[in-house]
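Data block below; observations after.
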């Protein structure tokens, strides 16, 4: 889980650095006139309005991309938090090993467990014949 969070931070940092780099290029193009100085292009006058228009557009796009990335990370965390349970024996997979549900609760949540009978099962058990109850696996 911590490794995943590390990658999330790295991805967000790369996105922010990328949008920051685009803003820096816009500034260099407008105020330093990089194409004129280093690439031999025709000199253009400084137009601050153009820079601010482009900068606001890049910032809005950056906000949208970062918000979408955060939404995707949140959805992934929800999907990764599912517990894989065996359909037959109710064992739970923890780090590639199958353990009992009680062991899972102890390992993952430090919770002790006990057993009981829910009202629905109790009601159903009282309706079943005694011979069927004696043959039940539990």
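Only the coordinates and a few stated rules stand behind these numbers; no lab work does. All figures in this text were calculated on a predicted structure; none of them were measured in a lab. Glycine gets a Cβ as well: all are built from the backbone with ideal geometry, and neighbour counts include every protein chain shown.
Brief remarks follow.
- Note on segment 97-120: among residues that are loosely packed, with under 12 Cβ neighbours inside 10 Å and within 20 Å of residue 81 (Cβ to Cβ), the one that is nearest to the chain's Cα centre (by Cα) is 109.
- Unique residue being part of a helix (DSSP H, G or I) and within 30 Å of residue 103 (Cβ to Cβ) when the list is 56, 78, 66: 78
- Criterion violated by residue 79 - all others in (1) within 23 Å of residue 16 (Cα to Cα); (2) free of Cβ contacts under 8 Å to residues at least 60 places away in the same chain; (3) within 22 Å of the chain's Cα centre (by Cα) satisfied: (1)
- Which listed residue, of 13, 39, is farther than 18 Å from residue 64 by Cβ and without any contact (Cβ under 8 Å) to a residue 12 or more places away in the chain: 39
- Residue count for segment 85-96, restricted to those that are assigned to a loop (DSSP other than H, G, I, E, B) and farther than 13 Å from residue 108 by Cα: 7
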